[in-house]
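Trainee: For reference, the structure I am asking about is given below.
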Amino acid sequence: MTTFVDRVELHVAAGNGGHGCASVHREKFKPLGGPDGGNGGRGGDVILVVDQSVTTLLDYHHSPHRKATNGKPGEGGNRSGKDGQDLILPVPDGTVVLDKNGEVLADLVGHGTSYVAAEGGRGGLGNAALASARRKAPGFALLGVPGLSGDIVLELKTVADVALVGYPSAGKSSLISVLSAAKPKIADYPFTTLVPNLGVVTAGSTVYTIADVPGLIPGASQGRGLGLEFLRHVERCSVLVHVLDTATLESDRDPVSDLDVIEEELKQYGGLDDRPRIVVLNKIDIPDGKDLADMIRADLEKRGYRVFEVSAVAHMGLKELSFALAEIVAQARAAKPKEEATRIVIRPKAVDDAGFTVTLEEEEGIYRVRGEKPERWVRQTDFSNDEAVGYLADRLNRLGVEDALMKAGARAGDGVAIGPEEDAVVFDWEPTMMAGAEMLGRRGEDHRMEAPRPAAQRRRDREAERDEAQQEFDDFNPF
């Protein structure tokens, strides 16, 4: 059963905003006490937070769909709906957040570092908040805005000081088991290690972490073997340790060629040229291994490598290697800028979000309006309510959308779409010369609508018939 997962695709959805309430205050001797509909609550966010106690992405591998709670709708009596609860997702230190195209959205390093993966929708205003001197009793409320949703990719890059690299069965797992308290699986066949092993080493006053990267073979940087899956775990290390097998049983291999192959794979992967290297000649407890180590040591030192001869089985040369790694790690830590405590950074949105664009899409023959405010207003409009549609028309007119359409060459009857292609509201545009409460009729209606509701039209027809009959009666009655 899989116990280590370092890459998952996560489907996140923030909570939707609650709808506003359209209500009128009623009490004895005061049947129409004014609007008292409350606002809807805000939807919850989906937030990724670094937690040191989490070491794998296994939970999200089994449950990739995560959704925050929705905001509650408003109620009468000026009662606002409850905000949705934020969904906190703990992730390991070193998690990188990417979109589906591979673009990095956030690099989460350090306990408590957070990233809002999906932002909750704002709640809709109730009719009490929409009331004004010109619109004293709105018969509508705004809908809540849907929360953002989408797919993100989480990749774990192990935060280790030392990375052990080398061919399968070179002795990396054995070395990490004797240097630290880690208990990896050890065997003499290829790809014994299927996941990176992490251990903690103490050398004098220096404590550092060491990890082995499994499955590096020729072609690993292009996806052969297991190397491509785990090469990301060496990106954050301070020093690379080449573990070379001096007692290999394969006739076509030798430690120097193994070193060249692994270096070529690291070069193809990229981004690791500045890391210091150490070469460890392992398995010198075997006579043939010791002889081969003595033969190639001078050649490796001429290349500029620090060479250590060790035996993980016989515990030979481990102390010198451990203190040498501690020295390099301490130097790397001293060279890094001092890390400050993680701070909560508040990035408020720009106050002026009134910007929008109007473009003519000649293929479809429509004018498309894109902008934060127009698109949000459309999502908040109840199109079954004529008065709400009229209110939307007033807002768009005040924002300047109508003037922009005229400047772009739009004429009466042309198609206009507000929003992206997959979720747009399309209508035939009719220029509005007048706007305001003086154009409103009964509550919930707007006479500017070309196609009023059938029930309202029938009511108007009956009233017209009664007025005509009353006029005929008055003309007939001489008194």
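Trainee: Summing +1 for each Lys or Arg and -1 for each Asp or Glu, what net charge is found among the other residues whose Cβ lies under 11 Å from the Cβ of H19?
Mentor: Numbers: positive: K72; negative: E75, D382.
Charge balance near H19 sits at -1.
Trainee: Continuing with this model, one more query. Just to confirm a number: summing +1 for Lys and Arg and -1 for Asp and Glu over residues other than L10 whose beta-carbon lies under 14 angstrom from that of L10, what do you get?
Mentor: With Lys, Arg at +1 and Asp, Glu at -1, the neighbours total -2.
Trainee: Q52 versus R398, label points 7 Å from Cα toward the beta carbon: distance in nm?
Mentor: 5.2 nm
Trainee: Just to verify a number: FRET efficiency for V200 and S149, C-beta to C-beta distance, R0 = 45 Å, to 0.05? It would help to have the intermediate numbers written out before the result.
Mentor: Details: r = 39 Å, r/R0 = 0.88.
So, using R0 = 45 Å, E works out to roughly 0.70.
Trainee: Accessible area, 1.4 Å probe, largest first: how do E119, E309 sort?
Mentor: Working: E119 75, E309 35 Å².
Putting E119, E309 in descending order of accessible area: E119, E309.
Trainee: Further question on the same structure: Give me the mean projected area, in nm² to one decimal, of the convex hull enclosing the Cα positions of the stretch 246-315.
Mentor: On the way: hull surface 21.2 nm².
Average of the hull's projected areas for the stretch 246-315 equals 5.3 nm².
Trainee: What's the FRET efficiency of D260 with H315 using the Cβ-Cβ distance as r and R₀ = 41 Å, to the nearest 0.05? Before the final figure, lay out the partial values.
Mentor: Values: r = 29 Å, r/R0 = 0.71.
The computed FRET efficiency comes out at 0.90.
Trainee: Please arrange M406, M295 by accessible surface area, largest first, computed with a 1.4 Å probe and ligands excluded.
Mentor: On the way: M406 90, M295 140 Å².
Output order, biggest surface exposure first: M295, M406.
Trainee: Another question about this same structure. Name the residues whose placed amide hydrogens come within less than 5 Å of the amide hydrogen of T246, ignoring near sequence neighbours (fewer than 5 apart) on the same chain.
Mentor: N282
Trainee: Under 5 Å between amide H atoms, partner at least 5 residues away or on a different chain: which partners does L105 have, H built in plane at 1.01 Å?
Mentor: For L105, the qualifying residues are V97, L98, D99.
Trainee: Then there is this: Return one whole number: the accessible area per residue of the stretch 1-133 in Å², for a 1.4 Å probe.
Mentor: Details: 6910 Å² over 133 residues.
Per residue, the stretch 1-133 has an accessible area of 52 Å².
Trainee: Moving on to the next point. Which one, L396, G371, A410, is farthest towards the positive end of the dipole of the stretch 370-414 when Lys and Arg carry +1 and Asp and Glu -1 on their Cβ?
Mentor: G371
Trainee: As an exercise, use a Förster radius of 60 Å and the Cβ-Cβ distance of D288 and A334 to find the FRET efficiency, rounded to the nearest 0.05. Could the numbers behind the result be given before it?
Mentor: Details: r = 41 Å, r/R0 = 0.68.
Computed FRET efficiency for D288 and A334: 0.90.
Trainee: Could you tell me the accessible area of F323 in Å² (1.4 Å probe, neighbours in place), rounded to the nearest ten?
Mentor: About 100 Å², ignoring ligands and nucleic acids.
Trainee: Go through the stretch 86-101 residue by residue and turn each phi into a ³J(HN,Hα) via Karplus (6.51, -1.76, 1.60, θ = phi - 60°); whole Hz please, and just put x for glycine and proline.
Mentor: Each residue's phi maps through the Karplus curve to give 5, 9, 9, 10, x, 10, x, 5, x, 7, 10, 9, 10, 8, 5, 8 Hz.
Trainee: Please list the non-local residues whose amide H lies under 5 Å from the amide H of D86, H modeled 1.01 Å from N, same-chain partners needing a gap of 5 or more.
Mentor: D45
Trainee: Once ligands and nucleic acids are excluded and a 1.4 Å probe is used, how much of H61 is accessible, expressed in Å² to the nearest 10?
Mentor: Number for this one is 100 Å².
Trainee: Okay, moving on. Of all the accessible heavy-atom surface of the stretch 51-115, with the other protein chains kept in place and a 1.4 Å probe, what percent is carbon and sulfur?
Mentor: Values: 1830 of 3850 Å².
Ligands and nucleic acids excluded, carbon and sulfur reach 47 percent.
Trainee: Mind scanning K157/K290; K100/K157; K373/K407; K267/K302; K136/K373 and naming the pairs with a C-alpha gap bigger than 26 Å?
Mentor: K157/K290
Trainee: Here is a further query. Of S311, S63, which has the most accessible area and how do the rest follow, probe 1.4 Å?
Mentor: Numbers: S311 0, S63 55 Å².
Sorted by accessible area, descending: S63, S311.
Trainee: Roughly how many nanometres apart are two label points built 7 Å out from the Cα toward the Cβ at I88 and D461?
Mentor: Distance between the two pseudo-spin positions: 6.2 nm.
Trainee: Still on this structure: Test of understanding: what is the full-extension gain from T359 to L32, defined as 0.36 nm times their sequence separation minus their Cα-Cα distance? Mind dumping the intermediate values first?
Mentor: Numbers: separation 327, 0.36 × 327 = 117.72 nm, distance 4.56 nm.
Going from the current span to full extension adds 113.2 nm.
The values are calculated or read from the model by the stated rules, or taken from the named source; none is laboratory data. All values reported here derive from a predicted model rather than from experimental measurement. Ideal geometry is used to build each Cβ from the backbone, glycine not excepted, and the neighbour counts take in all protein chains shown. These area figures cover heavy atoms from the full protein model, side chains too; ligands, DNA and RNA do not enter into them. Shrake-Rupley method; radii C 1.70, N 1.55, O 1.52, S 1.80 Å.
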